[in-house]
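Could you have a look at this structure, given as structure tokens, before my questions?
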Amino acid sequence: MSEEKPGAAGSSTNPLGESQEARFLDDLKALDTAARDKGVIRLHLSRLQPENRDKQNLRNAETVFDELTRTRSARLYRLRNSDLMVIFERDETDSAERAMLKLLKLWERDPLMQKSKSDARKNRLSSWFDMTQDYDKILTFAMRQSATTERSVRKLLPELIAERELQRNNAERGTPLMPLELGRAEEALARVDLSSFTRRQPVCAFVEDGKPEVIFTEVFVSIADLRETLMPRTNLTVNPWLSQHLTQTLDRRVMAQIARREDRTLLRDGFSINVNVSTVLSEEFLSFDDDFAPSSQDVVLEMRIDDIFADPGSFAFARDFVNERGYRICIDGPTLNTFAYADTNRLGVAYAKLMWTPDLAAYIGTSQGQELKQIIRDRKKGRTILARYDSDAAVKVGQQLGITMFQGRYVDSVARGR
């Protein structure tokens, strides 16, 4: 149905205001397969003579689609170079063609129109696409055009991590933890029995009969529950530096708890704990290692990606030490934006977690999905863990991407019901 491939837009700014490329991309991603029975028009208004691209003419171009946009049968988006993208319902094709004919009449004296017929589709002003056939092509175009995407590509890893931390922190309640309150929080942690705040969640692989096989179990302290009990009006994670200091205290408490060897099942099946790089280099970890070297158990140390890249030299030293001692490392926290940096081969670690997001489902069948699948394949089968999801649909998405290990509420409930 398409007459030409979507091309790159120019860099000039639409005179009617800010471009809507990011919203165009978001709306495309939100369309599931069943909702793609639509058509798309790209209006190449940037090809018109400059005198025919003033504010009034561009406004007229948007107005001809008012009948459709008012009834939500169509959505219109401005590109930076003054082009327009229109997504319309398939049963409104006739209305879209009538709108196109009005535009051809409006600019009939422009040189662009002199070599084209008065046909709604066969002209140099527009390109038409069928979403059921051209979705991947349009999505690729939108990702390239999106100002948000272009900015993200240029961001350094620390910026991406800081952005993720800000989003996560904004979702939490309470006033920020301040330096003066840190001492009070650590004193409270020293007295409280952490066993009631300790959670366990398995990392599983689905075997051929569809049943989950536990690979290891993560042992962690629920920060949210801890906060509600100790400091309910304080956000313990909004300040990343104070939060890291606090987690170091938690690291030591969890190591001491495990070293008591109270949970024989945990010790037999293998487990993981969350640690900071600095914790691995501490005297407390050496004592833990003396009491509990993983010679006969599978022990995984989970380190956050932002902590790893905050001091790569210290991480490399810590990695070499724990690998020699028989531990394995899992990179915790990567999102779609930062997963490329969590290269298990280059960093010399056993696993990397990919945090679940509904955007992953939109990647299936796209060029971006193929690239992600190739990254996962290059890092060897069984090194990527899909985490923080709560449905079997997410498992299916992960399996299509080549992921074999999963951690989340859904697999947790299935494992408990074995």
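Can you pull out every residue in the range 377-386 that is surrounded by fewer than 22 Cβ atoms within 10 Å (Cβ to Cβ), out of contact with any helix residue (DSSP H, G or I) (no Cβ under 6 Å at 6 or more places or on another chain) and under 15 Å from Cys330 (Cα atoms)?
Across the range 377-386, the qualifying residues are Lys380, Lys381, Gly382.
While we're looking at this one, here's another question. Quick check: is even one residue across the range 135-153 modelled with pLDDT of 85 or more, outside the structural domain of Leu360 (by TED's automatic domain parsing) and over 16 Å from Ala362 (Cβ atoms)?
No, every residue in the range 135-153 fails to be modelled with pLDDT of 85 or more, outside the structural domain of Leu360 (by TED's automatic domain parsing) and over 16 Å from Ala362 (Cβ atoms).
Here's something else I'd like to know. So, of the residues in the range 316-366 that are within 13 Å of the chain's Cα centre (by Cα) and among the aliphatic types (A, V, I, L, M), which turns out to be modelled with the highest pLDDT?
Out of the qualifying residues, it is Leu354.
Here is a follow-up. How do the helices (runs of 4 or more DSSP H) wholly within the range 278-368 filter down when requiring 3 or more residues that are surrounded by fewer than 16 Cβ atoms within 10 Å (Cβ to Cβ): which remain?
Hits in the range 278-368: 283-291, 312-325.
OK, next. Considering only residues of the range 82-91 that are outside any strand (DSSP E or B) and crowded, with 18+ Cβ neighbours inside 10 Å, which is modelled with the highest pLDDT?
Filtering first and then ranking leaves Asp83.
The values are calculated or read from the model by the stated rules, or taken from the named source; none is laboratory data. As the structure is a prediction and not an experimental result, all values here were calculated from the model. Please note: Cβ atoms are built from the backbone with ideal geometry, for glycine as well, and neighbour counts cover all protein chains shown.
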